[in-house]
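The values are calculated or read from the model by the stated rules, or taken from the named source; none is laboratory data. Computed from a predicted model, the values in this text were never measured in an experiment. With ideal geometry, Cβ positions are generated from the backbone for all residues, glycine too; neighbour counts draw on all protein chains shown.
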Amino acid sequence: MLNGFTQELQRIFQGIFGKGKPSSKDTAKNRIQLALICDKLEISEDILKNLQMDIVEVISRYFEIDTQAIKLDISKAEGKSALVVNTPILAAKRQPLPRPEPIKAPRAKGR
Amino acid sequence: MNGKVIVITSGKGGVGKTTATASIGAALALEGKQVAVVDMDIGLRNLDVVMGLENRIVFNVVDAIKGKCKIKQAAIKDRRIDSLYLFPASQSDNKDVLTPDSMVRFCKELRKEFDYILLDCPAGIERGFENSVAPADEALVICTPEVSSVRDADRVIGLLLSKSITPRLIVNRIIPEMVERGDMLSHQDVVDVLSIELIGLVEMDDQVVIATNTGISPVLQKGSKAGEAFKRIAQRLNGRKDIPIEVPQVNKSIWKKIGQKLGLG
């Protein structure tokens, strides 16, 4: 009972003198939200492979490329991520191949 | 009968999966349903001790799946609740002895005999998780209001969604005093982060420790707040949409009540 009373007193004083430190739960919430964003930027090998195949398909419509030498990376710096595709171009195609039908189902499911 | 298979999972260990499985199973059985609870933690079984049935194990779920015994022989009837049965895990094998396909086939048989089949998923997202999720129609994700637990829950939710299962959330071990003080994530914070449907909130409860000590379900302990919360979760699982989700409240002392009356709270 006394414990409750002292807690109330603390609260009243906090009210009078303004809020001190931010509560630890706010810190927790911010940390978890940031952690989840970082977690989701880590993309699995499978998804990366699928993406690479799709990109090869698209680029091949316009250029002749060495499909074996293509490299795909996600580089991270200063909290930002970039998708880097690196491919040697062997030759440009005069007439780009026609665009295929839009893909209906996504190949890899994600959130 | 065409029973429903529900997996109880969390990613992180030690957040209350086994207690939740045993309690929800007991509560569903008290509602008059035929319930099977299956310990999927092959090699590290615990559901049997939580339910106080560790002395009665003869055959286990691996024996039943591998055909070393009949399915009925592996089922252990609860000591107190008639329509509740446990399928214990094997203690000597590892998770690789089962496959997702074998679990689907096993659950197909169980569906004929039971209304609900609850699978107590092991921690982690490896083979044991795959085995537990493969046969599931529904999933309950359980987490505590802590950063590590919420993060793992998010990962597991992602994996379940990719398998076309939309899980529902239980927030376990809420300490209302700490939430009020701002020193614990509130259930709302957890729901904000995970953005899935809530099915129940369970308060931190000493009775759960006592229940585990004695092997008597908290659902059968009078005045157990966690037991009551699990009962409501079971009712909601059972389709009772009218049961509201109760938020654990601080037991107000007289000083606080006076404080609030005076507009200081």
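A few comments on the model shown:
- Matching residues in the range A:46-65 - criterion: being at pLDDT below 85 and charged (D, E, K, R): A:D46, A:K49
- Scoring B:S149 on the criteria (1) within 13 Å of chain A (Cβ to nearest Cβ); (2) over 16 Å from B:P248 (Cα atoms); (3) free of Cβ contacts under 8 Å to residues at least 60 places away in the same chain leaves a single failure, condition (3).
- Of all residue pairs spaced 6 or more apart or on separate chains, those with beta-carbon atoms under 6 Å, a first member in the range B:73-92 that is in contact (Cβ under 8 Å) with a residue 40 or more places away in the chain and a second member that is exposed (fewer than 14 other Cβ atoms within 10 Å of the Cβ) are B:Y85/B:K77.
- If the condition is being in contact (Cβ under 8 Å) with a residue 40 or more places away in the chain and not charged (D, E, K, R), then the range B:154-164 contributes B:V156, B:L160.
- Residue check, B:D242 surrounded by fewer than 16 Cβ atoms within 10 Å (Cβ to Cβ), modelled with pLDDT of 90 or more and more than 30 Å from A:R31 (Cβ to Cβ): yes
- Filter pass, A:L83 being out of contact with any helix residue (DSSP H, G or I) (no Cβ under 6 Å at 6 or more places or on another chain), modelled with pLDDT of 85 or more and not in a helix (DSSP H, G or I): no
- Taking the range B:172-193 as the range and being free of Cβ contacts under 8 Å to residues at least 24 places away in the same chain and facing chain A (nearest Cβ under 7 Å) as the test, the residues that pass are B:G182, B:D183.
- Residue under evaluation A:A35, criteria (1) modelled with pLDDT of 85 or more; (2) within 14 Å of chain B (Cβ to nearest Cβ); (3) over 14 Å from the mean Cα position of the chain (by Cα), criterion not met: (3)
- Within the range B:41-59, the set of residues being of a type in the set (V, I, T) and touching a residue at least 40 places away in the same chain (Cβ under 8 Å) comprises B:I42, B:V49, B:V50.
- Residue-level check: of (1) without any contact (Cβ under 8 Å) to a residue 60 or more places away in the chain; (2) over 16 Å from B:I24 (Cα atoms), B:E228 misses just (2).
- Of the set (1) farther than 20 Å from B:A139 by Cα; (2) at pLDDT 95 or above, all apply to B:Q91 but (2).
- Filtered residue count, the range B:153-192, keeping only those that are over 26 Å from B:E130 (Cβ atoms), outside any strand (DSSP E or B) and within 17 Å of the chain's Cα centre (by Cα): 0
- At least 3 residues being over 25 Å from B:N213 (Cβ atoms) and of a type in the set (A, V, I, L, M) is the threshold, and among the helices (runs of 4 or more DSSP H) wholly inside the range B:1-101 those reaching it are B:61-65.
- Take the conditions (1) on the phi < 0 side of the Ramachandran plot; (2) at pLDDT 95 or above; B:K222 misses just one of them, which is (2).
- Breaking point among (1) of a type in the set (S, T, N, Q); (2) in a helix (DSSP H, G or I); (3) touching a residue at least 12 places away in the same chain (Cβ under 8 Å), for B:Q249: (2)
- Tally of residues being away from chain A (no Cβ under 14 Å), part of a loop (DSSP other than H, G, I, E, B) and at negative phi across the range B:102-146: 10
- A residue that is in a loop (DSSP other than H, G, I, E, B), within 25 Å of B:L84 (Cα to Cα) and more than 14 Å from chain A (Cβ to nearest Cβ) occurs nowhere in the range B:206-214.
- Residue within the range B:193-202 that is assigned to a loop (DSSP other than H, G, I, E, B), among the hydrophobic types (A, V, I, L, M, F, W, C) and over 23 Å from B:A153 (Cα atoms) present: no
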